[in-house]
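Comments concern the structure below.
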Amino acid sequence: MKIGLFGGTFDPVHIGHLVAARLAQEAMGLDRVIFIPSGVPPHKREHHISPADRRLRMVELAVADERGFQVSDWELQQPGPSYTVHTVESFSSQYPEDELYLIVGADMLYDFPNWQSPRRILQLAQLIGMTRPGFPLAECRAELQQALPEAERRVHYVEMPGLEISSTWLRERLQHRQSVRHLIPERVIRFIEENGLYDRRADS
Ligand code: ATP
Ligand code: MG
């Protein structure tokens, strides 16, 4: 089986994530995609992150009716922040017969040579780099080839319609009570509203 692993903070999950996962699945013929919400990642310690159980719940709601999509709380069960290499090692021993693919937006792929143990990751999984506006895949590929030549055979580049949508932008819209309709799955929007998730106004 071919299994896609899709990590992220998902604070909140949005259609950019769903489109990327679906088109990666289609392009590489993945049997399933497992969304893996992360603990507080090293590069996000600065800003406030929604509690793990809320982010997990949002992803569960987002993929509930999505064929072939699943959610794992593996990283959330780890004490402290988890590095992708540990996640990949764990899934690789959980699924020794299967082929693992790590799905990442181009912004993350640019940084891949600086991750912990990128070569080990490439031994255990192939990567699928997805279009993200502002991070041209071709440039990304050239840089990776320079920094990490062994990546060439293990990284696949999948162009998708550029969606200039990020959780950061959506958190701002939510805080300003602007509409996020069609940008976040409806059930997730309802959950956000019911729980006042991104509402920083004391008077509401
Ligand atoms: P934040 O603004 O908080 O960083 P984000 O929108 O970047 O949120 P993450 O949870 O950081 O979402 O991203 C999870 C994964 O999804 C990363 O690999 C990221 O590159 C990818 N991704 C997120 N948004 C998009 C998008 N619009 N198009 C393609 N890939 C995306
Ligand atoms: Mg991000």
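Points worth noting:
- Expressed as a whole percent, the accessible area of the range 61-119 that falls on carbon and sulfur atoms is 42 (1.4 Å probe).
- Helix 15-28 axis, angle to the chain major axis (alpha carbon atoms, nearest 10°): 20 degrees
- A helix-only calculation puts the chain at -11500 deg cm²/dmol for mean residue ellipticity at 222 nm, using -39500 (n - 2.57) for each DSSP H run of at least four residues, averaged over all residues.
- Rounded to 10°, Cα long-axis angle of helix 186-195 versus longest principal axis of the chain: 50 degrees
- Gain upon complete extension [residue 166, residue 114; 0.36 nm per residue less C-alpha separation]: 16.5 nm
- Centroid-to-centroid, using Cα positions, the range 139-167 and the range 76-109 are 18 Å apart.
- Simple rule: put +1 on each Lys or Arg Cβ and -1 on each Asp or Glu Cβ in the chain, find the dipole, and look at 155, 16, 5; the Cα lying farthest toward the positive end is 16.
- Our estimate of slack between residue 19 and residue 48, defined as 0.36 nm per intervening residue step minus the Cα-Cα distance, is 7.9 nm.
- FRET efficiency estimate (nearest 0.05) - Cβ-Cβ, residue 175 to residue 97, R0 41 angstrom: 0.35
- For the range 36-163, a crude dipole built from +1 on the beta carbon of Lys and Arg and -1 on the beta carbon of Asp and Glu, taken about the Cα centre, is about 260 debye to the nearest 20.
- Heavy atoms of the protein chains alone define the surface here; on that basis the range 2-162 has 47 Å² accessible area per residue at 1.4 Å probe size.
- Less than 5 angstrom separates the built amide H of residue 156 from those of 127, 128, 129, all sequence-distant by 5 or more or on a different chain.
- With the simple spin-label model, which puts each label point 7 Å out from Cα in the Cβ direction, the residue 194 to residue 65 separation comes to 1.6 nm.
- Cα-based helix-to-principal-axis angle, 52-63 vs the chain, degrees rounded to 10: 80 degrees
The values are calculated or read from the model by the stated rules, or taken from the named source; none is laboratory data. What you are looking at is a predicted structure, and each value in this text was computed from that prediction instead of being measured. We place every Cβ from the backbone using ideal geometry, glycine too, and count neighbours over all the protein chains shown. Heavy atoms of the whole protein, side chains included, go into the accessibility calculation; ligands, DNA and RNA do not. Shrake-Rupley method; radii C 1.70, N 1.55, O 1.52, S 1.80 Å.
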